[in-house]
1. How about the range 124-138: which of its residues are in contact (Cβ under 8 Å) with a residue 60 or more places away in the chain and over 19 Å from residue 86 (Cβ atoms)?
2. Being exposed (fewer than 12 other Cβ atoms within 10 Å of the Cβ) and either at pLDDT 75 or above or touching a helix residue (DSSP H, G or I) at 6+ places or on another chain (Cβ under 6 Å) (or both) is the filter here; which residues of the range 33-57 pass it?
3. Looking at the range 69-101 only, could you name the residues that are in a strand (DSSP E or B) and either crowded, with 18+ Cβ neighbours inside 10 Å or modelled with pLDDT of 95 or more (or both)?
4. Looking at 58, 70, 80 in this structure, which one is touching a strand residue (DSSP E or B) at 6+ places or on another chain (Cβ under 9 Å) and at positive phi?
5. Does the range 22-41 hold any residues that are closer than 18 Å to residue 112 by Cβ, under 14 Å from the mean Cα position of the chain (by Cα) and not in a strand (DSSP E or B), and which are they?
6. Would the range 119-131 turn up any residue that is in a loop (DSSP other than H, G, I, E, B), under 22 Å from residue 29 (Cα atoms) and modelled with pLDDT under 95?
7. Take residue 60 and tell me if it is assigned to a loop (DSSP other than H, G, I, E, B), at pLDDT 80 or above, surrounded by 13 or more Cβ atoms within 10 Å (Cβ to Cβ) and more than 14 Å from the chain's Cα centre (by Cα).
8. Only residues in the range 93-104 that are within 16 Å of residue 4 (Cβ to Cβ) count as the first member; pair them with residues that are not in a helix (DSSP H, G or I), Cβ under 7 angstrom, at least 6 apart or cross-chain, and list the lot.
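The values are calculated or read from the model by the stated rules, or taken from the named source; none is laboratory data. Being a predicted model, the structure only gives us computed values, none of them experimental. Positions of Cβ are backbone-derived with ideal geometry, glycine not excepted, and every protein chain shown enters the neighbour counts.
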């Protein structure tokens, strides 16, 4: 069974987040995201993974921006970003966050990023953000 564009994007942003050293999430203060819960869960499952997780609640409404050391690696928003070097996922923030937490913890429990073959679907393929966006645009029309 082929995975949806959303699922492949979710796998990719989850892997990138776990490979980050200084992970930051920027979102509007009304967005219900528990960064500390995610950070604690990662630490509990894999104490060797050290990620400096920060939040910035001055973000844009209905959007989550994910950064690694101040470089944007992902945007969860209905509006497509201009930057092509970050993953765009046009999803509601609530749905994304629930799926993201589950996916990240699944990867951590499997031993990612230090394991062989546990990175999930698409791990061996080079990420093509332009193709990803084309697929998302098709799905929206």
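1. Matches in the range 124-138: none.
2. Of everything in the range 33-57, those that are exposed (fewer than 12 other Cβ atoms within 10 Å of the Cβ) and either at pLDDT 75 or above or touching a helix residue (DSSP H, G or I) at 6+ places or on another chain (Cβ under 6 Å) (or both) turn out to be 36, 37, 44.
3. 73, 74, 75, 76, 87, 88, 89, listed by residue number.
4. After applying the criteria, what remains is 70.
5. Listed by number, the residues that qualify are 38, 39.
6. No, every residue in the range 119-131 fails to be in a loop (DSSP other than H, G, I, E, B), under 22 Å from residue 29 (Cα atoms) and modelled with pLDDT under 95.
7. yes
8. Within 7 Å, the pairs are 96/64; 96/76; 96/89.
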